[in-house]
Amino acid sequence: MNLDGRLLHLARDVRLYLALTVGSGFLLGIAVVLQAHYLSLVVSLAFVNGQDLGQLQGPITVLVAVVVARAALVYAREAAAGLAAARIKASLRERLFAHLLTLGPSYVRGERTGELTNTAIEGIESLDGYFSQYLPNLALAALIPVTILAFVFPLDLLSGTIFLLTAPLIPLFMVLIGKGAEALTKRQWTRLSRMSAHFLDVLQGLTTLKLFGRSREQIRLIAGVSDRYREATMGVLRVAFLSALALELLATISTAVVAVEVGLRLLYAHLTFQQAFFLLILAPEFYAPLRTLGTSFHAGLSGVAAASRVFEILDRDAEKSGDLPLPRGEGRGEGSLVRCHAAPHPNPLPEGEGTPILSPVHPVSPLPRGLASPRLHIDDLHYSYDGGRRPALAGVSFEIGSGEKVALVGASGSGKSTIAHLLLRFLEPDRGKIVVDGVPLSQWAPEEWRKQVAWVPQLPYLFHSSVADNLRLAKSEATRKELEEATRSAHAHRFIESLPKGYDTVVGERAERLSGGQAQRIALARAFLKDARFLILDEATSQLDPDLECSLQQSMDRLMAGRTVLVIAHRLSTARRANRIVVLDEGRVAEIGNHEELVEKGGIYRQLVEASGVLQP
């Protein structure tokens, strides 16, 4: 009967509303019988016994009261069911969003944004029909017929037997037709998710498609995806209309059988007029809940199909959230080398993208007294994507001393980003461990550990909110003065002030109203604002031009002073400033040392330096 155990488990949180729904349904069944009784009584007294309006005042008053009570019970039932559905949807949406945050970018970036959005919005919204229509109607389909039978059997055994024998035919046909509808509904939901994902991907990449003259090709692709969704939807509708026809036909034939046998027995005086009229009124009321259940059956199917994807995400273990490898940006190339000079730029220009600014020095607040920067020991780390079929790390071991700056260097796919995500607890190692100040990282609560870490990714994400809100992701209680100090340190204050509303300017989703360099400086400002013990910098200045990067280097040095730092270095100019360099090759540690030692050694690092075109021991 389309009952999903996990969805029923969710219903436990709204037991009061569901109890009110079921209770209202039970009372509604009694009200239906009372309404039929008093209506048949009034008609019998008026047309058979010839009583006038004054004599019928009592039964009519009771009949009107029953009709009003029935309407009130219907309203109470629908209101309670609607509140139950709303509570469940809100709770499930919060759980899904929180779990996606727990899974982290390692999982989210491996999924299509449009599909996840469709699941979180339309998927959970489709559960409204399951909880507000299907489940209440399922209860009513059991309560109201049973209540009617309890009154009909003592009055007329034959009519009660007909009701009892014909009633199961409707749910039987509903289940038979529903087996075919279930597969069609799942296919429809899958194609809706794919269409949503593809359409959002096209919208987000429309500028790129236009630049390469490929936008018109997407018209045909979108049309094809839409046609497949239309075909799936029409298939579901055909089955829905077929089931509605079958259920209506069964209910009509069953009601007609009762009407014929009651009419014949009334003709031969085996029933009184009131009894016959009472049974005729009850016949359609008896089958009405079953017909209503049939019409809401497809709403229940849609809810179950959408819920399967929701629970698939919720069942996803955060430790296995990295089954798909992350896309890795290349910056300006693994071997590019940019050198900063101590001399200031001779002609400082107004701050903007690509212009060096020699702003005043703004000190970075020191670490809280007594809270030293951590020491990390990475021991024999193994990690594989795709359930072990695609190894990323194979026995990586190295240390990061307290207050030390270590750079990870290696070709794309060597495991640099995987190590960063393991350190951020977005992934959990298949084997090996990470120890922080003598305590295994697995013993830290992820939320508590991340409070100690500031992460500046190569491609920072800004939300559709104001600049100030995006900055306060690092420190929610930060004052405007603290925001300005952080942005000055990141050389972002001037361009923020030049925006239409300054710090209150909405930057758009994915910082669509800012350049890449401006977004990266806001991300850097967040790191200054958070003032964490441990920094993970994934080529944090990769989208800045060399002059602006050099002007930022002094602030970056102050930020890193006294803190433990892991730098994912796509450019060798970044790596050579580290205390030690860890060179990765195919998921293993190939070399460890400083710039001079590794160049002298003549291994992989020297090859990268030579490939950059500049070799400076």
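Just so you know, all these numbers are worked out from the coordinates, no wet-lab data involved. For clarity, every value in this text was computed on a predicted model and none was experimentally measured. No Cβ is skipped: glycine too gets one built from the backbone with ideal geometry, and neighbour counts run over all protein chains shown.
Structure notes:
- DSSP beta bridge pairing in the chain, given as percent antiparallel to the nearest 5: 55 percent
- For segment 376-611, DSSP calls about 55 percent of its internal beta bridges antiparallel.
- Taking max minus min of the alpha-carbon positions on each principal axis, segment 5-316 gives extents of 88, 36, 33 Å, largest first.
- The tail of the calculated P(r) for the chain, taken as Cα-Cα distances beyond 34 Å, holds 59 percent of the pairs.
- Cα centroid separation, segment 405-454 to segment 60-110 (Å): 41 Å
- Remark: relative contact order (the chain) = 16 percent; criterion is Cα-Cα distance under 8 angstrom and separation of 6 or more residues.
- Cα→Cβ-extended label distance, 7 Å offset, between Asp585 and Arg494, nm: 4.5 nm
- Difference of contour (0.36 nm per residue) and Cα-Cα distance, Val175 to Ala90: 27.6 nm
- Between the beta carbons of Arg112 and Ser465, assuming R0 = 22 Å, the FRET efficiency works out to 0.40 to the nearest 0.05.
- If you take all other residues with their beta carbon under 15 Å from the beta carbon of Leu149, and give Lys and Arg +1 and Asp and Glu -1, the sum is -2.
- Peptide packing for 512-522, 94-104 was compared via the average number of neighbouring C-beta atoms within 10 Å per residue; ordered from the highest value, the list is 512-522, 94-104.
- Note on Ala150 and Arg6: with the Förster distance fixed at 30 Å, the Cβ-Cβ geometry gives a FRET efficiency of about 0.30.
- Those chymotrypsin sites (Phe, Trp or Tyr not before Pro) in segment 4-55 that DSSP places in a loop and that have at most 14 other beta carbons within 10 Å: none
- For the residue pairs Lys405/Lys433; Lys416/Lys601; Lys89/Lys451; Lys405/Lys601; Lys416/Lys530, alpha carbon separations beyond 28 Å are given by Lys89/Lys451.
- Over segment 405-518, relative contact order from alpha-carbon pairs under 8 Å, at least 6 apart, %: 24 percent
- Local electrostatic count, Gly82, Cβ distance below 14 Å [Lys/Arg +1, Asp/Glu -1]: 0
- Sorted on the mean count of surrounding Cβ atoms within 10 Å across their residues, most packed first, peptides 410-418, 256-264 read 410-418, 256-264.
- Pair-distance distribution P(r) for segment 376-611, from all Cα-Cα distances in 5 Å bins starting at 0: 1, 6, 14, 17, 18, 16, 13, 9, 5, 2, 0 percent.
- Computed over neighbours whose Cβ is under 13 Å from that of Gly602, the net charge equals -3, Lys and Arg +1, Asp and Glu -1.
- Between the helical axis of 546-560 and the longest alpha-carbon principal axis of the chain there is an angle of about 80 degrees.
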